[in-house]
Amino acid sequence: MNELSSALSRALSPYYTEMSIMLMATILVVYGDIINGHVKRILAPYHFTIRISLFVVLCAFGYGALTLYGAPFLKHVIAYLPWQYQGAGFVASFMLIGFLAERRRYI
């Protein structure tokens, strides 16, 4: 089992940066509607043009910043695992997000 996990980590290790970006993007897809709902409630009393402007800023810069700075954070968190389990950690993270998406009726 240890050999399989090590082989998985060895095969995936060149792609950890891309996988952390994919993981962050997947999290934002699954939970973005919750963020948008909170922002919608906060912006409801404001004028139409202010709501549109702040929504564009949230989408362009907010989600962009979350992806830009959240992906290295996720990679850093996975790096706390022993090397032979890092590949399995990424796979398990994607499986967990898939499970959570299923529970939210996204699949």
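The values are calculated or read from the model by the stated rules, or taken from the named source; none is laboratory data. Because the structure is a prediction, the values reported are computed rather than measured. Neighbour counts are summed over all protein chains in view; Cβ atoms, including those assigned to glycine, are modelled from backbone coordinates with ideal geometry. Side chains included, ligands, DNA and RNA excluded: accessible areas come from the protein's heavy atoms. Shrake-Rupley method; radii C 1.70, N 1.55, O 1.52, S 1.80 Å.
Details
Table: residues versus (1) assigned to a helix (DSSP H, G or I); (2) acidic (Asp, Glu); (3) closer than 21 Å to Gly98 by Cα.
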residue	(1), (2), (3)
Tyr16	yes, no, yes
Met22	yes, no, yes
Val29	yes, no, yes
Asn36	yes, no, yes
Ile50	yes, no, no
Gly62	yes, no, no
Leu68	yes, no, no
Tyr80	no, no, no
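- Ile42 passes every criterion in (1) surrounded by 12 or more Cβ atoms within 10 Å (Cβ to Cβ); (2) in a helix (DSSP H, G or I) apart from (1).
- Given (1) over 23 Å from Leu100 (Cβ atoms); (2) open to solvent by 100 Å² or more (accessible area, probe 1.4 Å); (3) without any contact (Cβ under 8 Å) to a residue 40 or more places away in the chain, number of the condition Arg10 does not satisfy: (3)
- Pick from segment 61-89, criterion closer than 19 Å to Ala25 by Cβ and touching a Gly at 6+ places or on another chain (Cβ under 8 Å), ranking: most open to solvent (accessible area, probe 1.4 Å): Tyr63
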